[in-house]
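Only one structure is covered here, and it is reproduced in the block below.
The values are calculated or read from the model by the stated rules, or taken from the named source; none is laboratory data. Being a predicted model, the structure only gives us computed values, none of them experimental. Counting neighbours? That spans all protein chains shown, and the Cβs are built from the backbone with ideal geometry, glycine included.
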Amino acid sequence: MSPSLALHPLVRADGSATFTSNLYTVLAAANGPVEVSRRDELPEEAAIEVNIRPSSGVGGPRERWMESVITSLLRSLLLVHLHPRMLVQVTLQITAEPSIKLKRGVADVALLPTLANAAFAALVDGGLPLERTMVAALAVVREGEVVVEPTEKDLVGCQSVHAMAYSMKGEMLLTESTGRFDLELWEDVSERLRETTMAAMAKAGEDEGMEGGAEKGEPWLRHALKENVVKANAWREGG
Amino acid sequence: MASSTILLPGETVPHSQLPESKKGTLTLGPNLRHLPQAPPASISILPTSSGLLQSDAKKIALWLDTPHARYAPSVGDLVVAQVHHSSTETYHVMLTPQTPYALLGQLAFEGANKKTRPKLEAGDSVYARVKAAGRGEDVEIECVSPNSGKADGMGPLKGGTVFNVSPAFARRLMMGPGKGGFVVLEELGEKLKFEVAVGRNGRVWVESGSVRATVAVGRLLVGCDEGGWGVEEQRREVRRAVREV
Amino acid sequence: MPSEPAPSTNESTFLLSALRENIRLDGRALDAYRPISLTFGSEYGTADVRLGKTRVLAKIACEVTTPYPDRKFDGIFTINTELSPLGSPAFEVGRQDTTELLLSRVLEKTIRRSGALDTESLCIVAGQKCFHLKATLHVLDHDGNLVDASCLALVAALLHFRRQDIEVKGEDVTIFDVREREPIRLTIQHRPFCVSFSYYHNGEVMVQDATLLEEQCRQGEVVVSMNRFGEVAQIAKYGGAPVDGLSVLSCTTAALERVKGFDRMVTEALKADEARRDEGGLMAELSAENERPTGSMLVGSEN
């Protein structure tokens, strides 16, 4: 099943997006560039603040760790030098999670791609300056097999979990793994994830030419962003 | 000029989309950037957001619109600003919430000198033009045209009220009659008497002398922005609003 | 320091003079609400309430803990409201502002202290084990009247929630997984709802369901919490200007009508949700029967 992405679900935030993967749903809001507190101000670039909010209760050390991972990912996406002494604020609210209780380490890594995709889409919606387009995806290794975009059941009793993000040019922007695996397996996983993420951004007509384009899934990111642009420009048709 | 090229952040603008230029210059508008370190003989222009590529063959310009982005001040824009506080020689005014205050010189009004300058209180609104907006420096605005030294419709806004619309919609409003697919103000102008001042920062000031008419104008503006009404729907809504007033 | 900017003088003066003529900026009558919608999530205990542009999501979670030593026969019920930049760029993470404080206080009084939830039913083994019910309110969009929207979402979510079933045999406690045994509903003793009134011109003009701008311009507010039988859980009056007793009385009368409407709405939404779930449950059951060789039977709801 390909993930679903809805842009601009919120009214007050500058940019927002809801992203649903096989496991989680995350609602993201991006505000910026806004005024930054003196303490966090950076003289030559925009500060990035990421807040992750669990679906119930308040965040703890796990959320702080995920925030730091997402912050450094966003730093590689945003053209921070365009807004010095300002703040880009991203809030990620988890609204749905798997009904099965997962092991902590597994759950943390499994959540990262959903957070990353939601955050990226919210930044695009808010018109914040981005250097590149990216897609994140998850894979697990289960009984020696690589399963891309796993479901709840795949996560239970898997050997390792891998979250990765790639840019449109195939550059790796994020990699977090947990569990038992060797380098060879990791390389195998990263290649599979690279293909999956590239397929999500592929241009129409490009993916058919590629071998097995159909089974890698449709370019959902391109579709969702395109749809948003078309909707925003509907008035140009004079209708 | 309409084009159908939709780009994603970081995708190179196709060469076929670059406007022909005799002088060999090209003006880049919002949301596009040029990478100078690209290999010679190839122009590498990258969008920083996703949007529809817009081009103007006459001005040899290229830009990208972002529908929901926060307003970013640019020189020459007309804005509706709100005074926050004043210091000895300047007013500190708000263009958009949660951003640093812009500066408005107390003498930056038509024919203003130390004695005749307008006295503004916190909360007052002014219609002004962006004078300076550089990266990393304070935004400055003025209520006097730099060429003529005249107010040209700018200055303090008395009475009426201010409605919030999206910056993209404000831009459409400013395209002028017949353009931007927006007919509400023209249609309504035939039936009602009112004044509007459209700020690019998404604030629209409306005054008509009657509460009912002002509310009607404001509701039509906000409704059109949020509902994405087509021209026919706009006409229908205007007729309904006029009946109610 | 981000904060909700004060409205311009033009806006506040205009709003007040319009209210003098009984006109609201969005064309509503003074006692009219914006369009309300209530939807439930696919998980039990999630309710999403939209009130015009205001949007609140309530989520209930439950875990097993030790009860407070001074309340051995009671479970624990907490309500957590934290406003995030999701709802408005003016909200800051980790800083409690007055909006948040007042909101949590009103909810506390309306729902917790009025005994809407029977906390004794959350007790498992007296003094040793009990359920801790955590209600979290996420304000997704703030355009005024958070109190009414939050209270509605919270009550709806509590009614929607199902907790795991338990079995106590002497000292042994078995907690059944949702897949093993149908989870059970909470014991809700009554359903209180909040109705807020904003007042202007020294109480001469009263407005229901104020937008953010109307809230910023008001002199004060009266919040009435009651159930559909007219039993008042609390009345709070915030703001400086005095309000005479008679108008508070008319507030409660108006609130009763409104609360009856809320109650009906929640009942209908719950019924519709149940009908949808039942359909899914039946389908899942049928398909499980067809695949009998696999052995496991899965009764769940999907959407």
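Pairing residues of segment C:261-280 that are closer than 28 Å to residue C:31 by Cα with residues that are in a helix (DSSP H, G or I), at Cβ distances under 7 Å and at least 6 apart in sequence or on separate chains, gives C:262/C:152; C:266/C:155; C:266/C:156; C:266/C:159; C:269/C:156; C:270/C:159; C:270/C:160. Could you please find all residues in segment B:76-116 being in contact (Cβ under 8 Å) with a residue 60 or more places away in the chain and hydrophobic (A, V, I, L, M, F, W, C)? Residues satisfying the conditions are B:78, B:79, B:80, B:81, B:95. Looking at segment C:106-130, which of the residues that are surrounded by fewer than 18 Cβ atoms within 10 Å (Cβ to Cβ) and within 13 Å of the chain's Cα centre (by Cα) is farthest from residue C:150 (Cα to Cα)? Taking the candidates together, the pick is C:112. Scanning segment A:11-33 for residues that are surrounded by fewer than 24 Cβ atoms within 10 Å (Cβ to Cβ) and among the aliphatic types (A, V, I, L, M) yields A:11, A:23. Residue B:61 meets the conditions (1) more than 13 Å from the chain's Cα centre (by Cα); (2) closer than 14 Å to residue B:202 by Cα in every case but one. The failed one is (2). Taken over segment B:122-135, residues that are in a loop (DSSP other than H, G, I, E, B), of a type in the set (Gly, Ala, Ser) and more than 14 Å from chain C (Cβ to nearest Cβ) amount to 2. The set of residues in segment C:1-21 that are more than 23 Å from residue C:99 (Cα to Cα) and either facing another protein chain (nearest Cβ under 7 Å) or in contact with a Leu (Cβ under 9 Å, 6 or more places away or on another chain) (or both) comprises C:10, C:14, C:17, C:18, C:19, C:21. Among all residues of segment B:1-21, there is at least one that is out of contact with any helix residue (DSSP H, G or I) (no Cβ under 9 Å at 6 or more places or on another chain), more than 13 Å from chain A (Cβ to nearest Cβ) and among the hydroxyl-bearing types (Ser, Thr, Tyr).
Does residue A:60 meet the test of being within 13 Å of chain B (Cβ to nearest Cβ) and more than 13 Å from the chain's Cα centre (by Cα)? No, not satisfied. Exactly one residue among C:34, C:24 is surrounded by fewer than 21 Cβ atoms within 10 Å (Cβ to Cβ) and within 11 Å of another protein chain (Cβ to nearest Cβ), and that residue is C:24. Contact map, segment A:94-114: first residue on the phi > 0 side of the Ramachandran plot, second residue in a loop (DSSP other than H, G, I, E, B), Cβ cut-off under 8 Å, separation 6 or more or different chains; the map is empty. Scanning segment B:210-228 for residues being more than 9 Å from every other protein chain (Cβ to nearest Cβ) and either crowded, with 18+ Cβ neighbours inside 10 Å or at positive phi (or both) gives a total of 7. Scanning segment B:136-185 for residues that are modelled with pLDDT under 90, surrounded by fewer than 16 Cβ atoms within 10 Å (Cβ to Cβ) and within 9 Å of another protein chain (Cβ to nearest Cβ) yields one hit, B:136.
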